[in-house]
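All of the numbers you see were taken from the coordinates with simple rules; none came from a lab. What you see is a predicted model, and the numbers here were worked out from it, not measured in a lab. Every residue, glycine as well, gets a Cβ built from its backbone with ideal geometry; the counts of neighbours run over all protein chains shown.
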Amino acid sequence: MIECSDRMGTKSTAAERPRASAEPWRLATVCILAWLVPGAGHLLQGRRQKGLIFLVTLPFMFGIGLWLQGRLFPLELSDPLVFLGAIANRGIGIPYIAARMFDAGAGLVTAASYEYGNTFLMTAGLLNFLVILDAFDVALGRK
Amino acid sequence: MTTSHFLLMVLYALLVSTVFAVLLRDQPREQLKTGVMMFGGFISVAYVLGWLMFPFPL
């Protein structure tokens, strides 16, 4: 009890610190931009080194997945694994939209590298989800 | 298309460890250390698992 009141009285936790950039519109902007362009959420908040590395590595990974004849999965609720793969694919943002626009990502199931391609494509999207969460934490002032 | 499976695995490990190291650490030196350790872990575990699976037919 004493420890609790002590903590509440004198020490400030991360949750109590003022959050200059925690306005909902700014959080939403950061998250949407971070989804559309990998690393943009960090660049917007002045984390240039991190943002540039994400901006290069994640689309590069996605591009390798396409080059390896990986498939961009459709949103099919009837097949849960395909559905989860589709969610992972969409995590990369604009590169996914561009690939769809240019009819890339049809996937060649007979290619030796097909599964490798799928792995690269899905991992790129899933890693970008983590990058979005990190940008969200930065915007909240947690990091 | 001829691609080395090992090379693809190395490339995958390199990219994933880079992103994780940059996500988890803030200082460039720490990022490099974490990235190298993670990359080494990926490669060595894959190499050991590959050899362990070698005697078993598909």
Study note, to complete from the structure: Note to self: C-alpha centroids of chain B and the stretch A:107-143 sit apart, in Å, by 16
Check your understanding: So how compact is chain B: Cα radius of gyration and Dmax in angstrom?
Key -> 14.0, 46
Review point. Under the rule of -39500 (n - 2.57) per DSSP H run of 4 or more residues, summed and divided by the residues of chain A, what mean residue ellipticity at 222 nm is obtained, to the nearest 500 deg cm²/dmol?
Key: -20500 deg cm²/dmol
Review point. Per residue of chain B, what 222 nm ellipticity follows from adding -39500 (n - 2.57) for every DSSP H run with n ≥ 4, rounded to the nearest 500?
Key: -28000 deg cm²/dmol
Study note, to complete from the structure: A correct Kirkwood calculation over the Cα atoms of the stretch A:19-143 returns a hydrodynamic radius in Å of 14.8
Check your understanding: Which value does Rg/Rh take for the stretch A:46-108 over its C-alpha atoms, Rh per Kirkwood?
Key -> 1.04
Exercise for review: Please give the net charge around B:VAL19, taking every other residue with its beta carbon less than 13 angstrom from that of B:VAL19, where Lys and Arg add +1 and Asp and Glu add -1.
Suggested key: +1
